[in-house]
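Worksheet for the structure shown next.
Quick note: the coordinates plus some simple rules give every number you see, no bench work behind them. No experiment lies behind these values; they were computed from the predicted model shown. In this analysis, Cβ positions are derived from the backbone assuming ideal geometry, glycine residues included, and neighbour counts consider all displayed protein chains.
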Amino acid sequence: MGKTAKQKEQELAHPPLVIDLKEATRRLRKKEEWQSAGRAATTLMKTPYRRATLMALRKGAILTRHRTRGAVLLQVLSGRIRLGTDASQVEVGEGSLVSLHPRVSHDVEAIEESELLLLVVKEAGEAPQVEAIQLEIPQPLKQEHDELHVGLAEAINAGGAVGAAAKAVAELMHPHFVKEEMFALPPLGLLPLLAEHGVQPEMRGVPAMTDRLERELPEMLEEHRAIVSALAGLVEAATNEKKPEYARFAEKLMLHAHAEEAVSYPTARLIGRYVREHLEAQP
Ligand SMILES: [Fe+2]
Ligand SMILES: [Fe+2]
């Protein structure tokens, strides 16, 4: 997603972050794992697009074969290491900088006691590094639900036949909305990210949510039918009591249910399938 002018302005106003590497190394060597395992690491800074890690390795320590989603810059601050990829082995000593493309599988062995500065940088346009993606209902859909709740409360307060008919709708609608907000609508919040960056490993929790929608779909469609039938009762009561605004409200709620069946539910189901298929296809 593009940055707003305000975000860009805030970034430009950020003061530089200064890290004392000598002090960080001293602290690293006091860590328990340095004493016990002969290797230690500490994250110096981390943003969605950049990560800096300081590492200390005793002679013979090995970082087993791994790969990162971002490009790697590895600076040897002291000592000497051997770095292996599928294509080659290189020995690099103090003062050298090694650059690796994203997703290149590599391992490291300390030939001497070494200190390394590891920078992992996501390329511009790639999805940011995030631990897990928050599934949130798209804001306009949440607002629509909230407005329908308010409208229904007003119809109940109108009293008379309209109030009674609205109450019957509310009893069916409230538990239905709870389910929708729990598992039917949150997957739709992924659409902008999916369109921009495709499926990300952090989306692995999504199919569990859409599986629940698949399971409960027949019941939810049944609930829609019951809600629409109760809404017909509200239209009738509003017409009889000459309160056309409540008839219009009831028609708006019917349209809401139709829009969900035609767009929201099928989209959420497709998102679940799409994410699952892509994650299963990845190594
Ligand atoms: Fe809804
Ligand atoms: Fe619904």
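Some notes on this structure:
- Whole-Hz ³J(HN,Hα) from phi, Karplus 6.51 cos²θ - 1.76 cosθ + 1.60, for the range 76-88, glycine and proline x: 8, 7, 7, x, 8, 10, 10, 10, x, 10, 4, 8, 6
- Residue-count net charge about residue 258 - beta-carbon cut-off 12 Å; Lys, Arg +1, Asp, Glu -1: -1
- Counting other Cβ atoms within 10 Å as a rough exposure proxy, the listed residues 263, 104, 120 run 263, 104, 120 from fewest neighbours to most.
- Length available on full extension from residue 182 to residue 262: 0.36 nm per residue minus the Cα-Cα distance, which gives 26.9 nm.
- Calculated on the alpha-carbon coordinates, the convex hull of the range 51-104 measures out at 85 cubic angstrom per residue.
- Taking amide H as placed 1.01 Å from N in the peptide plane, the amide H of residue 44 sits under 5 Å from that of 52, 53, 54, each at least 5 places away or on another chain.
- Order of 88, 264, 99, 105 under a 10 Å beta carbon neighbour criterion, fewest first: 88, 99, 105, 264
- Sites residue 255 and residue 47 - FRET efficiency at Förster radius 41 Å, r taken between beta-carbons, to 0.05: 0.40
- Here the chain yields Rg over Rh of 1.20, to two decimals, using C-alpha coordinates and the Kirkwood radius.
- Since only 173, 160, 145 are under comparison, the one whose Cα sits farthest along the positive direction of the charge dipole of the chain, derived from C-beta charges on Lys, Arg, Asp and Glu, is 145.
- Working from label points 7 Å from Cα in the Cα-to-Cβ sense, the residue 245 to residue 69 distance is 5.0 nm.
- Of 253, 19, 206, farthest towards positive along the dipole that unit charges on Lys, Arg, Asp, Glu beta carbons give the chain: 19
- The alpha carbon gyration tensor of the range 139-281 gives principal lengths a ≥ b ≥ c with a/c of 1.5 or higher and a/b greater than b/c, which makes the shape prolate.
- Two-site FRET efficiency, residue 225 against residue 101, from Cβ-Cβ distance with R₀ of 45 Å, rounded to 0.05: 0.25
- FRET E, pair residue 94, residue 58, Förster distance 25 Å, beta-carbon r, rounded to 0.05: 0.95
- Residue 86-residue 280 pseudo-label distance in nm [points 7 Å out on the Cα-to-Cβ vector]: 2.4 nm
- The local environment of residue 177, defined by Cβ-Cβ distances under 11 Å, has a net charge of -4 under the rule Lys, Arg +1 and Asp, Glu -1.
- A Cβ-based charge dipole, computed about the Cα centre of the chain with Lys and Arg at +1 and Asp and Glu at -1, lands at about 1300 debye.
- Calculated from backbone phi, Karplus (6.51, -1.76, 1.60) coupling profile of the range 162-168 in Hz, x at Gly/Pro: 4, x, 5, 5, 5, 5, 5
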